[in-house]
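Bear in mind these aren't lab numbers, they're just calculated from the coordinates by the rules spelled out. This is a predicted model, so every value here is computed, not measured. Note: ideal-geometry Cβ built from the backbone for every residue, glycine included; neighbour counts use all protein chains shown.
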Amino acid sequence: MKNIAFLVLAAGKSSRMNSIKQLEKINNKHLLEITLDKIKEINTKNLYCVLGANSDKIKSEISNKNIHFIENKNFEIGLSSSIVSGLIYFKKQQLNFDRVFVLLGDQPAIETSYLKTMLNLSQKNKELIIASNYEKNRCSCYFS
């Protein structure tokens, strides 16, 4: 896991929720923080979080220890613009990672053991993109 960036996508404006989804609480913990903490359990380095809508409010509420926040000014274009923002940030900062682990910030039920499984698959198949499937649909965790 030495040269892997963890890129958490949390730039959406949560228009269907009528609130800031990233800051909704489950057991007194923000939704985004739950996901970030699970990543920190397996790796405390190279953790990046892409924010867009409500970024200042989210940054003020989320513990930023060991987290690099990336601003996506084009968040309204969609999820792919957050991935692009992250990759552009890496390039501008001259950060060279072997792989990037991309996941959504609103996955509080994701298990740390599942993240470890994805990492192990990536280690064994370095030339492949590793992606989750859920009921025949691609999900958000993958390496490239």
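Are any of the residues in the stretch 19-36 of a type in the set (A, V, I, L, M) and exposed (fewer than 12 other Cβ atoms within 10 Å of the Cβ)? It would help to see each step written out before you state the result.
Keep residues of the stretch 19-36 that are of a type in the set (A, V, I, L, M), which gives 20, 23, 26, 31-32, 34, 36.
Still in the list and also exposed (fewer than 12 other Cβ atoms within 10 Å of the Cβ): 26.
For the stretch 19-36, residues of a type in the set (A, V, I, L, M) and exposed (fewer than 12 other Cβ atoms within 10 Å of the Cβ): present.
Does Ser55 qualify as being touching a Phe, Trp or Tyr at 6+ places or on another chain (Cβ under 8 Å), over 23 Å from Thr117 (Cβ atoms), without any contact (Cβ under 8 Å) to a residue 60 or more places away in the chain and among the hydroxyl-bearing types (Ser, Thr, Tyr)?
Working: touching a Phe, Trp or Tyr at 6+ places or on another chain (Cβ under 8 Å): yes; over 23 Å from Thr117 (Cβ atoms): yes; without any contact (Cβ under 8 Å) to a residue 60 or more places away in the chain: yes; among the hydroxyl-bearing types (Ser, Thr, Tyr): yes.
Answer is yes for this residue.
Please find, among Glu71, Glu24, Glu61, the residue that is free of Cβ contacts under 8 Å to residues at least 12 places away in the same chain, over 20 Å from Ser122 (Cβ atoms) and touching a Leu at 6+ places or on another chain (Cβ under 7 Å).
On the way: Glu71 fails: free of Cβ contacts under 8 Å to residues at least 12 places away in the same chain; Glu61 fails: free of Cβ contacts under 8 Å to residues at least 12 places away in the same chain.
After ruling out the rest, the residue left standing is Glu24.
Restricting to the stretch 22-33, name every residue that is in a strand (DSSP E or B) and within 17 Å of Phe101 (Cα to Cα). Steps first, please.
At the first step, the residues of the stretch 22-33 found to be in a strand (DSSP E or B) are 25-26, 29-30.
Within the stretch 22-33, no residue meets the criteria.
Can you name the residue in the stretch 4-18 that is more than 22 Å from Asp98 (Cβ to Cβ) and not small (Gly, Ala, Ser) and, of all such residues, is surrounded by the most Cβ atoms within 10 Å (Cβ to Cβ)?
Step one: list which residues in the stretch 4-18 are more than 22 Å from Asp98 (Cβ to Cβ), which gives 10-18.
If we keep only those that are not small (Gly, Ala, Ser) as well, we get 13, 16-18.
Working: Lys13: 13, Arg16: 8, Met17: 11, Asn18: 7.
Ranking the qualifying residues of the stretch 4-18, first place goes to Lys13.
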